[in-house]
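The values are calculated or read from the model by the stated rules, or taken from the named source; none is laboratory data. Predicted, not measured: the structure shown is a model, and the values here were computed from it. Note that each Cβ is placed from the backbone with ideal geometry, even for glycine, and that neighbours are counted across all protein chains shown. Quick note on the areas: whole protein, heavy atoms, side chains included, nothing else; ligands and nucleic acids left out. Shrake-Rupley method; radii C 1.70, N 1.55, O 1.52, S 1.80 Å.
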Amino acid sequence: MSKTRHSDQQFALDLGSEIDTGIPDPAPAPAIDRQQLFACLDTMDALLAQWQEQDWLRPLDVGFARLIRSLSEEQGEAPEPLLLLLAALTSHQVGRGHVCIDLSQLLQDAEATLALPPEDNIPFVPAADTETALSPRDILARLKLADCLSTIHNSCAVSDGSLTTPLVVNDSRLYLRRFWRYEQRIAEGIHGRLALPSPLADTASTASTTLSQALGILFGHQSEVDYQQLACALAARNRFAVITGGPGTGKTTTVVKLLAALQAVAGTTSDRADGRKYRIRLAAPTGKAAARLNESIGGAASELPLGQLPGQVSLDDIPTRVTTLHRLLGSRPDTRQFRHNRDNPLLVDILVIDEASMVDVDLMASVFEALPASAQLILLGDKDQLASVDAGAVLGELCQRAAAAHYTPATADWLTAITGHTLPGELQDPDGQQPDQAVAMLRKSFRFDEYSGIGQLAEAVNTNRLDASTLAACRDGGFNDVIWLNGGWRRPDRDSTLALVANHAISGSPEAFRNRGEGRPGKDSLLTPPVGYRHYLTRLNDAQLNADSSREQWDQLARSLLEAFADFQILCALRKGPWGVEGINELVTQQLLAHRLIDAGKTWYSGRPVLVTGNDYNLGLMNGDIGITVEVPWDRDHQGHPKTTPRVAFPASDGTDTIRWISPSRLQQVETVYAMTVHKSQGSEFNHTCLVLPDRLSPVMTRELIYTGITRARNWFSLITGDAGVLQDSVQQQVVRASGLAQRLSLR
């Protein structure tokens, strides 16, 4: 049967909306018969329903499989049961952050590919009849790749993308159509920009001469290779570029100098005789990340010798206001679509996106859709951090060859001509691919010196060299800035370890650090010792504001509280269970209550910190924003007397110093945030970070998660583990998200 266009109902589900499909649940399913599993649709449906009951699959996954069955039958086709299984598993993988499902990997190791059981390690509970209990490993072990591909190619619900089908197959990868389109759009956007001619390609051109002069002024002339300068040169030459580097490697400094150099070129090249500079926008995926970039980029720009640059560059030519990507693109409530798109592109010449590791494939595709074809896109981020919470790992795929660079001899010669630096031979490759020439890696950390425990621990985790000596230094006070609070406990039991977490949350345990954390030099002065949550709550409880205090005084208190709250943060690997965010938040709440630091007799008590867990476009709040609850005397009772009511103070997400006071009744998607997941912490830094790991290994606990948790700490890091072995076991697990983007870009 030929493949045809399906209904709008199918297409809506393909877009990922959790809609009411209108398809009634099937009659009670028969017992699962192993022999009938791939012969009877109802038997397969019963199996998927059983997995849903065990929380192995989401209702959306099972609903998608049932919709595929219904739509196939509408086309006069009886789908094979195997197709329903593959459809449900493809949807499941998208829910886990994969862009697609790689069938060859699935059949090689089903449990590892699917990460079942889920993160809270719920064991598979068989039905009463053990003959009906089938795990993915049991089922998929009997299949061959040829069987799966044959089923897929024979279905009207699957195509190679040329038809509007809910599923798309490419080689051995099976996609939901929406995610296949996203991947296509990103690859086309990158290839198209890299194919555009650059006025900087000719080293004798006016543009190249200006760029070389500007970089010389901005960086000075150094004898050793300056990777920041090389990154600036590469990014200036290409309409698409990536600058990656670990914490403290100077990504912000580099991009500010890059923008200054580009504006110098704009002011001197012949095609800009009117002197008009580039229209530049700065964006980040979350409000917190935008605020951080806004703080750092303004200071960095003010320190540049702009007056010495050719092209009459001024401070006004370097943008310092950073917005979120959703605001930049023009988010529209209750829809995935943005105001800016191919028909209404952004008015921009250069777009810089910071913390690009947090940008999922959906949002990145929207960026390419909204950019003019000739606009320059520059991505900044740490390739070793966790990938985005939603599907995709775009930055990670683009940077998977960054360590070895793979610059061609032509690129190396061009860099030498522009910067004067000779590229090391190990970074050159005659067979380097075109996208390799647009990726630059910063290789020197200015935040963590050779004595920094945070830097050494992060490096050991990232390079999979977490040996006994590094762990001993964490445990025995070998580092000034790192402690492993229960590293010396042979067999920590759960109750005492959780009690340790609760006590640590109050004070931050400065006594556990060398010299109680005192006398440690910082950049400009001595660092303040590590603190816990008592720090910000004492500041709140000691505040002397009243009904006669001005709004500016209340705003200043909110700024002070938000700043103090960021001095300490507990991070968890899991969401559920005693070791997860839910359990730790309740544990810390009770401990703060016991110390009379809060009054938790009501939900919205003074001092309650909350994390926004979903974008609220009406309120202008983005996923990841943090606010502090404060009781303010701004309302009046029926007699006209001041009455205190709770308001939640949020910093403005536009990078300004404004405070927004929002009534709790308007907040629909928030949770208490004494503890947050490591995923949610991305784009943030905390003066003192505590990472809490559980007593059992979980699929979500990976090298990237541990590395990200450690590098959220600016000056102090503490570790508490339910089982010491879990730390080392987690480092052995890596995030590998299924996608075809790297292959489309010839990076594999």
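Points to keep in mind about this one:
- Verdict on Pro333 being assigned to a loop (DSSP other than H, G, I, E, B) and within 26 Å of Val265 (Cα to Cα): no
- Qualifying positions in the stretch 664-695 - in contact with a Lys or Arg (Cβ under 7 Å, 6 or more places away or on another chain) and open to solvent by less than 10 Å² (accessible area, probe 1.4 Å): Ser681, Gly683, Ser684, Phe686, Thr689
Per-residue answers, yes or no, for (1) closer than 21 Å to Ala375 by Cβ; (2) buried (at least 24 other Cβ atoms within 10 Å of the Cβ); (3) more than 25 Å from the chain's Cα centre (by Cα):
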residue: Thr209; (1), (2), (3): no, no, yes
residue: Leu215; (1), (2), (3): no, yes, yes
residue: Gln228; (1), (2), (3): no, yes, no
residue: Ala241; (1), (2), (3): yes, yes, no
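- Across the stretch 535-556, the qualifying residues are those that are open to solvent by less than 40 Å² (accessible area, probe 1.4 Å) and under 26 Å from Asn503 (Cα atoms), and the one among them that is modelled with the lowest pLDDT is Ala543.
- The listed residue being hydroxyl-bearing (Ser, Thr, Tyr), under 21 Å from Asp476 (Cα atoms) and buried (at least 21 other Cβ atoms within 10 Å of the Cβ), out of Ser730, Ser698, Ser718: Ser718
- Scan of the stretch 371-410 for residues that are more than 19 Å from Ile706 (Cα to Cα) and touching a Phe, Trp or Tyr at 6+ places or on another chain (Cβ under 7 Å), ordered by number: Leu377, Ala391
- In the stretch 323-380, of all residues being among the hydroxyl-bearing types (Ser, Thr, Tyr) and without any contact (Cβ under 8 Å) to a residue 60 or more places away in the chain, the one that is least open to solvent (accessible area, probe 1.4 Å) corresponds to Ser366.
- Taking the conditions (1) farther than 30 Å from Thr708 by Cβ; (2) in contact (Cβ under 8 Å) with a residue 12 or more places away in the chain; (3) assigned to a helix (DSSP H, G or I) in turn, Leu593 satisfies each one other than (2).
- Taking the criterion of being under 13 Å from Thr629 (Cβ atoms) and surrounded by fewer than 18 Cβ atoms within 10 Å (Cβ to Cβ), the residues of the stretch 591-603 that qualify are Asp599, Ala600, Lys602, Thr603.
- Of the criteria (1) open to solvent by 20 Å² or more (accessible area, probe 1.4 Å); (2) free of Cβ contacts under 8 Å to residues at least 40 places away in the same chain; (3) under 23 Å from Lys257 (Cα atoms), which one Pro319 fails: (2)
- Taking each residue of the stretch 561-580 that is without any contact (Cβ under 8 Å) to a residue 60 or more places away in the chain and more than 21 Å from Ser496 (Cβ to Cβ) and looking for partners that are open to solvent by 10 Å² or more (accessible area, probe 1.4 Å) and not in a loop (DSSP other than H, G, I, E, B) with beta-carbon atoms closer than 7 Å, six or more apart or interchain, yields Ala564/His535; Ala564/Arg539.
- Restricting the stretch 179-200 to residues that are under 23 Å from Leu747 (Cα atoms) and open to solvent by 50 Å² or more (accessible area, probe 1.4 Å), the residue that is farthest from the chain's Cα centre (by Cα) is Pro197.
Residue by residue, here is whether (1) part of a helix (DSSP H, G or I); (2) in contact with a Ser or Thr (Cβ under 8 Å, 6 or more places away or on another chain) holds:
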{"residue": "Met44", "(1), (2)": "yes, no"}
{"residue": "Leu47", "(1), (2)": "yes, no"}
{"residue": "Gln50", "(1), (2)": "yes, yes"}
{"residue": "Val62", "(1), (2)": "yes, no"}
{"residue": "Arg66", "(1), (2)": "yes, yes"}
{"residue": "Arg69", "(1), (2)": "yes, no"}
{"residue": "Glu77", "(1), (2)": "no, yes"}
{"residue": "Leu83", "(1), (2)": "yes, yes"}
{"residue": "Leu86", "(1), (2)": "yes, yes"}
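- In the stretch 593-625, of all residues being at pLDDT 90 or above and in contact with a helix residue (DSSP H, G or I) (Cβ under 7 Å, 6 or more places away or on another chain), the one that is farthest from Leu667 (Cα to Cα) corresponds to His595.
- The stretch 381-422, subset crowded, with 20+ Cβ neighbours inside 10 Å and among the acidic types (Asp, Glu), residue farthest from the chain's Cα centre (by Cα): Glu397
- Residues of the stretch 479-494 classified as open to solvent by 40 Å² or more (accessible area, probe 1.4 Å) and closer than 20 Å to Phe448 by Cα, total: 1
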